[in-house]
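Structure record follows, encoded as structure tokens.
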Amino acid sequence: MQKKGLAALLCLVMMMSIFTLAGCGSTAPKETAAAETTTPAAATGIAKDKIKVGFIYIGSAHDGGYSQAHDNGRLDMMATLGLTEDQVVVMEDVPEGADCEKAARDMIDNGCNVIYANSFGHGEWLANVAKDFPEVKFGHATGIGTYDLPNYSTYMGRIYEARYLSGIAAGLKTQTGKIGYVAAMPIAEVVRGIDAFTLGVRSVNPTATVEVIWMNTWYDPALEKTTATTLLNNGCDVIAQHCDTTSPQVAAEEKGAFAIGYNSSTLDAAPKAYLTAPLFHWGKFYAADVQSVIDGTWKSQRYWEGLNAGVVALDDLSANCAEGTSEKVEAAKAKVMDGSLVIFSGPIKDNEGNEKVAAGQSLTDAELESLQWFVEGVIGSVPKSN
């Protein structure tokens, strides 16, 4: 009986050992597999000759404004990295919505392993595709969220810094003290730009006003022109814009007024009206981002740089600018770049007289990204979202 009991005990011990070893053997491969799936695909890099980059534009690559600025960035990136024409795919006039998702899926079918979309409303549709293709890298211009996707980034320049400088040029040029602003959509990016522009205007012309009219579209050349004309008829003698074409500048020239452009240098479109323009140099971002995919160092990020990084700038001042503009602009630019001038530092009141930023304080990036009020000097309001 003792022998049988001992044998049974030994058998039980052996069985327990087998199950224990089996458990160890099944756990280790799972951990390895998990590590492989959570390691970003870009960690191994992609050979440069295997890179294929897709660009989705809301407008035309030749719109003279926003999408053309991105296309110029594409060309700069190709020149910097030495990519060939068959390594890029461009789709123009892609509206915000399901068309963006279809465009991105078509690009993947065409072999693209990096895809950029350039309009705010492209974001969620691009993210839908990113969820299905974790090996592809996606970038969303002007976006504010990455949807917690490891293969999805947003990128934007601190264009409000250049808008502040352009406001100085406008404030020195206006004779009526009334400046018009053709505005696209009432999101924080646009509100932030209007506010920075107005702060720039009032830094040199404290009583000037900036009248805003919303269009509720980014790209509509005819509406952009009629909106600018309305502002001109209201007595504005300088027109600024956050929309995608040169139409507001053309309207200003036809009325003998002046204009601040946007995105691209457009002196040729309105040579008698054009003063300057806040510009994006997207090529600096695109070249660095694609290179990081090649190198295997790409990471999801929210890119938001400004004058110091060279991704935004103010165009050359035209001969139409008022005397002394260059000196004022350069002095302010130097202070923005060395940090001694923080554009959204207090005291700042809104256009209803409420203190929004106290003396000695400044808005955080989080507050700038959700900005929904106008500074003192703006005529107009930010529509309330439902």
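Only residues that are in a helix (DSSP H, G or I), farther than 12 Å from residue 182 by Cβ and in contact with a Lys or Arg (Cβ under 9 Å, 6 or more places away or on another chain): list them for segment 222-239, please. Within segment 222-239, just 233 meets the criteria. If you scan segment 52-88, which residues turn out to be more than 14 Å from residue 118 (Cα to Cα) and either modelled with pLDDT under 95 or aliphatic (A, V, I, L, M) (or both)? 62, 64, 75, 77, 78, 79, 81, 83, 88, listed by residue number. Within segment 274-285, is there a residue that is buried (at least 24 other Cβ atoms within 10 Å of the Cβ) and in a loop (DSSP other than H, G, I, E, B)? Yes, segment 274-285 contains at least one residue that is buried (at least 24 other Cβ atoms within 10 Å of the Cβ) and in a loop (DSSP other than H, G, I, E, B).
Can you tell me how many residues within segment 329-375 are surrounded by 15 or more Cβ atoms within 10 Å (Cβ to Cβ) and either of a type in the set (Ser, Thr, Tyr) or not assigned by TED's automatic domain parsing to the domain that holds residue 171 (or both)? So the answer is 1.
One residue stands out among those in segment 183-206 that are assigned to a loop (DSSP other than H, G, I, E, B) and more than 25 Å from the chain's Cα centre (by Cα): the one that is nearest to residue 259 (Cα to Cα), which is 205. Among residues of segment 370-385 that are under 17 Å from residue 216 (Cα atoms), those with a beta-carbon under 6 Å from a residue that is part of a loop (DSSP other than H, G, I, E, B) and among the hydrophobic types (A, V, I, L, M, F, W, C) at least six positions away or on a different chain give the pairs 372/382. Summed over segment 331-368, the residues that are touching a Lys or Arg at 6+ places or on another chain (Cβ under 8 Å), under 26 Å from residue 144 (Cα atoms) and among the acidic types (Asp, Glu) give a count of 1. If you take the residues in segment 90-143 that are assigned to a loop (DSSP other than H, G, I, E, B) and of a type in the set (D, E, K, R), which one is farthest from the chain's Cα centre (by Cα)? Only one residue tops the list, namely 135.
State yes or no: is residue 180 in a strand (DSSP E or B) and of a type in the set (Gly, Ala, Ser)? The answer is yes for residue 180. Has segment 75-83 got any residue that is surrounded by 19 or more Cβ atoms within 10 Å (Cβ to Cβ) and outside any loop (DSSP other than H, G, I, E, B)? Yes: one or more hits. Just one of the listed residues (266, 217) is outside the structural domain of residue 93 (by TED's automatic domain parsing), out of contact with any Gly (no Cβ under 9 Å at 6 or more places or on another chain) and assigned to a loop (DSSP other than H, G, I, E, B), and it is 217. Based on this model, can you work out whether residue 244 counts as touching a Phe, Trp or Tyr at 6+ places or on another chain (Cβ under 8 Å), surrounded by fewer than 24 Cβ atoms within 10 Å (Cβ to Cβ) and touching a residue at least 24 places away in the same chain (Cβ under 8 Å)? Criteria not met by residue 244. Considered as a group, the residues in segment 152-190 that are among the small types (Gly, Ala, Ser) and more than 15 Å from residue 314 (Cα to Cα) include one that is surrounded by the most Cβ atoms within 10 Å (Cβ to Cβ), and that residue is 180.
One line per residue, one yes/no per condition, for (1) under 24 Å from the mean Cα position of the chain (by Cα); (2) at pLDDT below 95:
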{"position": "230", "(1), (2)": "no, no"}
{"position": "241", "(1), (2)": "yes, no"}
{"position": "245", "(1), (2)": "yes, yes"}
{"position": "250", "(1), (2)": "no, no"}
{"position": "255", "(1), (2)": "no, no"}
{"position": "272", "(1), (2)": "no, no"}
{"position": "292", "(1), (2)": "yes, no"}
{"position": "302", "(1), (2)": "yes, no"}
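Every residue, every condition in (1) touching a residue at least 24 places away in the same chain (Cβ under 8 Å); (2) basic (Lys, Arg); (3) more than 21 Å from residue 52 (Cβ to Cβ), yes or no:
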| position | (1), (2), (3) |
| --- | --- |
| 250 | yes, no, yes |
| 260 | yes, no, yes |
| 270 | yes, no, yes |
| 276 | yes, no, yes |
| 281 | yes, no, yes |
| 285 | yes, no, no |
| 302 | yes, yes, yes |
| 307 | yes, no, yes |
| 311 | yes, no, yes |
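Do you know which residues across segment 314-352 are in contact (Cβ under 8 Å) with a residue 12 or more places away in the chain, over 19 Å from residue 258 (Cα atoms), of a type in the set (Asp, Glu) and part of a loop (DSSP other than H, G, I, E, B)? Scanning segment 314-352 gives no hits.
The values are calculated or read from the model by the stated rules, or taken from the named source; none is laboratory data. Model, not experiment: these values are computed from the prediction. Positions of Cβ are backbone-derived with ideal geometry, glycine not excepted, and every protein chain shown enters the neighbour counts.
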